[in-house]
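Computed from the coordinates by the stated procedures, all read-outs in this text should not be read as laboratory data. Note that the structure is a prediction, hence the values are computed from the model and not measured. Neighbour counts are summed over all protein chains in view; Cβ atoms, including those assigned to glycine, are modelled from backbone coordinates with ideal geometry.
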Amino acid sequence: MAPRDPNSLRNLFLRYMAAIALASLVSWTLVLVYSDYAAFRKQSAVMRQEFMDQQKALLSSKVNEVRDYIDYNGNLTEKRLKESLQSHVNSAHDIASGLYNEYAASEPAEKVQNMIREALRPIRFNQGRGYYFAFNLDGVEELFADRPELEGTNMLSMVSDDGKYVVKDMLSLCREKGEGFYTYYWTKPGEKQGSFPKIAYVKLFEPLGWVIGTGEYLDDYTHMVQSEVLNRIKDLRFEPAGYFFGSTFDGDSLFSAGEITVESGSIQDLTDPNGVKIIQEQQKAARKPGGGFVRYSWHRPGSDALSPKISYVLAVPQWEWIIGAGVYLDSIEPAIAANEKALLSDLRVKILRSLIVLFVLLAIVFAASRMVSGNIQASVQSLTRFFQQAARKSISIDTDDLHFSEFKDIARQINLMLVERKQAEEELKASENKWRSYVENAPYGIFTADREWRYMDANPAAERITGYTKEELFKRKVPDLIVKEENKDPNQNYNAFLSQGAFNGESIIRRKDGKIRNISICAVRLSEDRFLAFVDDITEQKQARQEIWKTNTLLTAVIKQAPFAVQILEEKDGLISVVIENDESARLMGEWSQGRDNIDSKVSESLDARFFTIDGHKEIPLDQMPGPRAFRGEAAANEEYLFRHADGKEIMVEASASPVYDSGGKNIAVCVTFHDVTEQRKTEQEKAELKEQIYQSQKMESVGRLAGGVAHDFNNMLSVILGFAEMALDRMDENNEIYLDLKEIHTAALRSADLTRQLLAFARKQAVAPKVLDLNDSITNMLKMLRRLIGEDIELEWRPGPDLGEVKIDPSQLDQILANLCVNAGQAIEGGGKVIIQTEQAVATSKFCAMHRDFTPGEYCLISVQDNGQGMDDETLKRLFEPFYTTKELGKGTGLGLATIYGIVKQNNGVIIVDSKKGWGSVFKVYLPKCENPEKGRETKEVQEIRHGNGETILLVEDEESIMKMGERMLSRLGYKVMAASNPEEGLRLAELHEGAIDLLVTDVIMPGMNGKDLAEAVQRLRPDCKVLFMSGYTASVIEQHGVLDETTHFVQKPFVYRDLAKGVHDALHSG
């Protein structure tokens, strides 16, 4: 018997099994004991934690319920206060309405007011703090129940602590809405300092024109609500002994354990025996979001022993409260101690049982191990014999000689491996034949080459592509077939392949027949000295791609060079992207489409540049633009939009969009075009504005001609009325009862004459005597008068411009312009304001004149009159200068003021421009041309006395018979010899036939057949020494240029009075 080897598999197995059994049993015992103890500790921790979690959840739930109740009442405080105030005011309103309806018809108004006042005065509410007040629409206090001494006082100037005019604001509120709430800050009775928010509710009592109201301090009402809340929550309980407590942010006690402790003072420094500042810790926890828990020790009720306690606290910020509730944590300990005692007893029993099992198990393991180890040894010996025989011949293992399934599995796997190896050898041979067939029949060329690129093998497709047989290829290298391209190293691809181990690209080869072909080649390294390549002839494909490229290049060039903006859009995954854009699009759109991945409406809010409607008021969503709509099948052609760049620049664009379809009819893209029509629309707008200016000018010219004609005819009639009335007055005693009637006729005729002068000024037919004036000096001299015209409550500011230059205008016309403009400005201002008169230089360039038809190029003196009054709407601006058009009340304006200014400015070759906006005031700008050759005019002092004649002969020519008779009588009374003629022909005949001298010709300007100027020239040819005096309702163009007389012409304006005619005749006779 062979000696027993201590390291044999059998002996090792026996020792290991014994050791494993012992270690397993001991480990199992220890694990059992430890697991039980760990489970106990875990169970205890879980019990404590569950108890803690339950208590925390309970505390959190209960405290949050209380806090929700407090928040509910706190949030409703202002609402409840407003409802209370509104209810009380409505009650007062009902009381006042009842008294008024009952007594208004039978009692004096003052008595009814006093009855209402005394009925409301004693009423109090809100714990005596609430009372009523009332004031009338003038701000006078009618009722002040708390301070009756203020009744009858005007309270409009009363200002709250936050700077509000309380009574004014309440009046405005009631005028606008009839009733409403008003919040302000006010000092509180009994408080030495500080102001408090107060809410008032006021309501208009229309029968008396009173505003009735009441108010309440918000914090007083809040304190009342807080008291109600404390009384409700102090008695709340949970669990057997759970109660709530509360304090302020400052540490003052509010309530605890069912008692309100507001008066007990501060508990800020309350400390437990371990030194925990309980209230201060609660304040820290309460300030955390969602509140927090505080742990400390405290005496149980009825016990001197300390117990751990936990409280949950929450902050109530709006009232600056901290509320909470707490529980004691040692209630769970008795149950944990009982569990621990039971565990120790159970562990002693388990350890004893484990020792018994240990000894029994060791015996069983030893016996079993001896039997198993013998079988292992026999099986190993059988495997050893098999391997010794398998090395010499092909055999299999007999599994019946083995004892264990594991050894039998090993034997079966060895037998299976032998069979599979034989099958694999056969399959490998078949696979090699199959793949050889694949390669030989593949449509792609396949070849192998060595490190030097010599062909090692090739399939028929490679022979077809190259034109060489396999044997011919074996004598060549791959580079031998490659055509050398200009500026390209033929070994470049080979070197890249060697460094990277793979290559995928294109090349050009020369076939055996000399034809040049394009091939694609894909090569991989099989080993250090061998690689495999796949090739395909792509000559026809490349030619087709080249044609497509040329077509695309042509289309792209057409798009890029188009004179309008073009964008090609594609839609993918719901997003629309710009895939092609020409230079004009980039210029036109600017930064809008550059760098944008999509133009979908989802990202439209992030774009700075946007599309708007033509008027610029409404933004167009991008999904409603022509491009996105074309993807949805909607037509879009020549649509106009306003495009606003990110920098604020705006252009007008005309957009169109059309879909692009593939061969299957699918919409694959959209072509969008944009035309910049900004200049075109601008030109159209300028044409329209110019047309409107021409129309307005023609309209004003037509109205002017009409006004001038009416004024001329009216002046003729007024001349007769004035003349005969004046002569009648001269011959009548002032005490005669008819004298006053004639005086009224004379006065009315003078006023009518002023009206006709205004019409003539508008029609630019007024006779004027222009002089060279310094505008600044002239306006400065008028300031005192202008201030009286606009009123004392309006400030007049004068801003003279430097180096202004001079203008040529009749001084009286300048006075009319400024007086009318200042009066209108003052009337446009309500309740005080400001009028600014300013002068400055202005230059009208040719470009400016092209846009403003009324201007001619040159230098102007600008007078502007600006006010901050009511302003004017567009309709008023359109008709501003029309005669008799006025927005004033009946009897407060003739409508000729601005029409007169318009006529004066036009008569002096000037321009007037108005800029006004409703609610913003107006500015009138008068442009008068600078005087090119300034010559100061000479002021002549009027002769006040009536000059009589010395028998001089006067030829009077007037086509209006009544005026002729009146003039003849006036001149005769003045001491002149008069020859009267009713038409120019008769007058010329008298001049020819008269034997004596004719000292003066007095003639109308406009007459049938021959005008006054032509008559004067004809008479002066007959009698060179004859002087001339013209008279007319307006001045004809044959006498004046644009209605202006030169300094040598003598003229008397119709209608004239006796004194005017006397002066005119005397001046004409005695002129140089």
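Mean sequence separation of contacting Cα pairs (under 8 Å, at least six apart), scaled by the length of region 442-537, corresponds to a relative contact order of 30 percent. Glu263 versus Arg175, label points 7 Å from Cα toward the beta carbon: distance in nm? Rounded to a tenth, the inter-label distance reads 5.2 nm. Restricting the GluC sites (Glu not before Pro) of region 795-832 to loop positions (DSSP other than H, G, I, E, B) with no more than 16 neighbouring Cβ atoms within 10 Å leaves Glu830. Between Leu532 and Thr553, the FRET efficiency from the beta-carbon distance, with R0 = 35 Å, is close to 0.40.
By the rule of a C-alpha distance below 15 Å, with chain neighbours fewer than 8 residues away ignored, the aspartates and glutamates paired with Lys477 are Asp450, Glu452, Asp457, Glu463, Asp529.
Each residue of region 129-140 is assigned a 3J(HN,Hα), and the resulting list reads 7, x, 8, 9, 10, 8, 9, 8, 6, 8, x, 7 Hz, derived from the Karplus form 6.51 cos²θ - 1.76 cosθ + 1.60 (θ = phi - 60°), x at Gly and Pro.
Ordering Tyr132, Tyr243 from the fewest to the most neighbouring beta carbons within 10 Å gives Tyr243, Tyr132.
Length gained on full extension, Leu742 to Ile123, computed as 0.36 nm times the residue gap minus the Cα-Cα distance: 215.6 nm.
Put simply, when 737-745, 898-906 are sorted by average Cβ atoms within 10 angstrom per residue, most first, you get 898-906, 737-745.
Remark on Leu575: its backbone amide H falls under 5 Å from none of the residues 5 or more positions apart or on other chains, H modelled at 1.01 Å from N.
Distant-in-sequence amide contacts of Val660, defined by a placed amide H-H separation under 5 Å and a gap of 5 or more residues or a different chain, comprise Ile668, Ala669, Val670, Cys671. Peptides 69-76, 872-879, 312-319 ranked from most to least packed, by the mean per-residue count of other Cβ atoms within 10 Å: 312-319, 69-76, 872-879. Of Lys164/Lys198; Lys79/Lys198; Lys965/Lys1054; Lys82/Lys177; Lys649/Lys682; Lys771/Lys834, which pairs sit farther than 21 Å apart, going by alpha carbon to alpha carbon? As for pairs spanning more than 21 Å Cα to Cα, those are Lys771/Lys834. Database remark: amide H of Gly949 closer than 5 angstrom to the amide H of Gly975, Tyr976 (H placed geometrically; neighbours at sequence offset of 5 or more, or on other chains; Pro and chain starts carry no H). Charged side chains reduced to their Cβ positions (Lys and Arg at +1, Asp and Glu at -1) give region 442-537 a dipole of some 200 debye around its Cα centre. Placing pseudo-labels 7 Å out from each Cα toward the beta carbon at Arg632 and Ile1006 gives an inter-label distance of 6.7 nm. Going by the alpha-carbon gyration tensor, a ≥ b ≥ c the square roots of its eigenvalues, is region 953-1069 rounded (a/c under 1.5) or, if a/c is not under 1.5, prolate (a/b greater than b/c) versus oblate? Judged from the Cα gyration tensor, region 953-1069 comes out rounded (a/c under 1.5).
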